[in-house]
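The structure under discussion appears below in the form of structure tokens.
The values are calculated or read from the model by the stated rules, or taken from the named source; none is laboratory data. From a predicted model like this one, the values you see are computed outputs, not experimental measurements. All Cβ positions, glycine included, derive from the backbone under ideal geometry; neighbour counts span all protein chains shown. For accessibility, only protein heavy atoms count, side chains too; no ligands or nucleic acids. Shrake-Rupley method; radii C 1.70, N 1.55, O 1.52, S 1.80 Å.
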Amino acid sequence: MTGQALYRRAKQLIPGGTQLLSKRPELFLPERWPAYAARARGVEVVDLDGRTYVDMSTMGVGACILGYGDPDVDAAVKDAVDRGVMCTLNAPEEVELAEVLCALHPWAQMVRYVRSGGEALSAAVRIARAHTRRDRVAFCGYHGWTDWYLAANLGESDALDGHLLPGLAPAGVPRGLAGTALPFHYNRIEELEAIVEEHRHELAAIVMEPCRGEAPAPGFLEGVRSLASESGAVLVFDEVTTGFRVTTGGIHLTLGIEPDLAVFAKALANGYPMAAVIGREDVMQAAQSTFMSSTNWTERVGPAAALATIAKHRREGVAARLAEIGGLVSDGWRRAGDRSGLEVRTHGLPSLAHFDIGHDDEVVLTTLFTQLMLERGFLASNQFKPSFAHRPEHVGRYLEAVEEVFPILADAAERGDAASMLDGPPAQRGFYRLA
Ligand code: PMP
């Protein structure tokens, strides 16, 4: 358990242990999750003890859409390294990538780059505020770690902090930002209408994922679009997770609604740091009326990796493969659930699928699932993000293991002794402070 030993040391050196909440071992299998990868290729991950697993969980939290170490993307990156990653002059790949992103999204004419999703959302909100000269932002869903978003959890007094986004603590976010980030729920147009009604002349942006777990209700996105247009707020689609999952480009291309800005990260460059804000020229030009500038936004690897990722995505029909593989897995979960008597409910698009278990002991049972699947050679949780490197053979082997494990969970659920079968504590859910 070299990985767990290293992780214990990490918690003394790195506050929170990891840089991303979703990579905390405690969220999967406390005290047992391998924690660190020595290397990863295709869909296989080797841990620090030399054990190999097939990744049937999140594939780098959704970033590695083509698989780990994709040969075409890595060849483009190696070429970028050979030609020099950082230089006094700029990387021409930036311009080529802007042409490609605007051609994929014909409503957009301009592009700015940063290197992570949360940073890209901050840039989009800054551009929207600069363009409208207004402060408030209506949003639904998760949009990263930065101040504009966490401001939603600032109450009028400390006692109210944390009431909107459970678990995301706003300590360190200036109290002066209270009231600037106003949440609404997906598919509840009346909530957004109420925000627009109250703040019609103060609303800079409406920020949301166009679609994720739930399909848009008829007329919902159209309603959002017209509220944005009529109030003058900039409509920002967050495609950090949904981008490139359903088509080459943003999922909004399949939904028939055009935003004013859209934000891409994660799958854009198959795991290399890269993110983009694309948008309508009149809005994007506002990036010049404020100050947005950073040394590492100019390096060559990100745009080179993005160009190679997009080219392969289109050439190989990656979106169709993701739908096929994700569909096989979701169907398999349902079938194995039915056979075992475990109440397994599947959710989400095939390319962003997850399941839950209808039982009071759900967290313990899901932890036990991860433990038993790890013993069978799989990194697995209740989420699966397919990649182009997954083949039906991987799914077949995985579902054989699921067919073995679900009946064990069903028996444990029935007896009520699932916790005693765990080698460690149950998984943690959501945000919490590490001791
Ligand atoms: N927006 C959405 C919809 C996301 O899913 C995420 C990441 N999970 C982010 C923003 C933040 O991106 P990053 O982790 O790259 O900062």
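Provide the packing ranking of 350-361, 190-201, 254-265, i.e. peptides ordered by the mean count of other C-beta atoms within 10 Å per residue, highest first.
Values: 350-361: 18.7, 190-201: 15.2, 254-265: 22.7.
Top to bottom by mean Cβ count within 10 Å: 254-265, 350-361, 190-201.
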- prompt: Residue farthest toward the positive end of the dipole of region 133-264, with Cβ of Lys/Arg at +1 and Asp/Glu at -1: which of Cys140, Gly250, Ser229?
  reply: Gly250
query: What are the lysines whose alpha-carbon lies under 25 Å from the alpha-carbon of Lys312, with same-chain residues fewer than 8 places away excluded?
result: Lys78, Lys266, Lys385
field: Surface/4 estimate of mean projected area, convex hull on alpha-carbon atoms of region 106-247, nm²
entry: 9.2 nm²
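Quickly rank 229-235, 339-345 as a protection proxy: mean count of other C-beta atoms within 10 Å, highest first. Kindly include the intermediate steps, with their values, before the conclusion.
On the way: 229-235: 19.6, 339-345: 17.0.
Result, highest mean first: 229-235, 339-345.
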query: Distance from the Cα centre of region 58-91 to that of region 170-241, in angstrom?
result: 34 Å
statement: Of all DSSP beta bridges having both residues in the chain, the percent classed as antiparallel (nearest 5) is 60 percent
Computed helical MRE - 222 nm, the chain, DSSP H runs ≥ 4 contributing -39500 (n - 2.57), nearest 500: -11500 deg cm²/dmol
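How much of the accessible area of the chain, probe 1.4 Å, is carbon plus sulfur, in whole percent?
Here it works out to 52 percent.
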field: Label-point separation, Ser226 to Ser116 (7 Å along Cα→Cβ), nm
entry: 4.0 nm
task: Could you check the simple spin-label distance between Asp423 and Lys23, using points 7 Å along Cα→Cβ, in nm with one decimal?
output: 2.3 nm
- prompt: In square angstrom, what is the accessible area per residue of the chain with a 1.4 angstrom probe?
  reply: 44 Å²
query: GNM on the chain, C-alpha springs below 10 Å: top fluctuator among Thr132, Thr88, Thr52?
result: Thr88
